[in-house]
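Here's the structure, in structure tokens; my notes come after.
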Amino acid sequence: MTRDQGLALWNAARRLGKGDVIVEIGSHQGRSTVVLGSAARTVGATVIAVDPFVDGKLFGGSPTRQRFEANITAAGLDDVVELVAGYSTELRPGWDRPIQLLYIDGKHDYWTYTDDLRWSAHLPPGGEILVHDCFSSIGVTLGTIAKVLFGRRYAYVDRATSLARFQLRKPTSADRLRTLAQLPWFFRNVCIKVLLRLRLRAVARLAGHDSPYDPY
């Protein structure tokens, strides 16, 4: 997370009011949760952090959850942040609590991301949705093209590098054009990732082993 992205999260939470609720999908070790929670405290809002803490090298499982909880406690946010451990796609169908801000940074494939967008059913009209890696992940960008550029439910507002902000409202032609204007930046990011991947594979071959790194 960059400083500008953290500021975007902070400002979004600060636009809320007393008693409002933020849902964060994908918390990992809690960096973004601390930003949201710290800002939420200033306006009397709360944060619900949704993360399954999957086992494995990439996500860390139980140790990652322990670090998340330790970071929340160290930030003094135990009374502001509520952890709901589980898959967002499994929790969503039974969710019945209204929310005022949605932050999506979960699994970056097309199907999970577009399902996570459906949490917006609990937002008020005009409610904000923040999406991390929106224009740097193939799956998330494809979902944004399908559901925002060609959809009727979400309007693109702006972005802080790859963290995009949308509103829950019918998009205008100008909104769609602003979304379209972000795609060259996405293609630039993809080219960089592909070149990096090819370079790492070449280095791995020279070293006599496969590269463990996969930027996707």
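The values are calculated or read from the model by the stated rules, or taken from the named source; none is laboratory data. None of these values were measured; they are calculated from a predicted model. Positions of Cβ are backbone-derived with ideal geometry, glycine not excepted, and every protein chain shown enters the neighbour counts. Surface accessibility is based on the protein's heavy atoms, side chains included, excluding ligands, DNA and RNA. Shrake-Rupley method; radii C 1.70, N 1.55, O 1.52, S 1.80 Å.
Restricting the first residue to the range 73-88 and requiring it to be on the phi < 0 side of the Ramachandran plot, which pairs with a second residue that is in a strand (DSSP E or B) and small (G, A, S) meet a Cβ separation below 6 Å and a spacing of at least six or different chains?
V81/A49; L83/A49
Out of the range 123-147, which residues are assigned to a helix (DSSP H, G or I), without any contact (Cβ under 8 Å) to a residue 60 or more places away in the chain and not basic (K, R)?
G139, V140, T141, L142, G143, T144, I145, A146, listed by residue number.
Could you identify the single residue in T89, T64, T42, T46 that is within 16 Å of the chain's Cα centre (by Cα) and of a type in the set (S, T, Y)?
T89
Which residues, counting only those in the range 134-193, are charged (D, E, K, R), open to solvent by 20 Å² or more (accessible area, probe 1.4 Å) and over 21 Å from W111 (Cα atoms)?
Residues satisfying the conditions are D158, R159, R169, K170, R176, R178, R188, K193.
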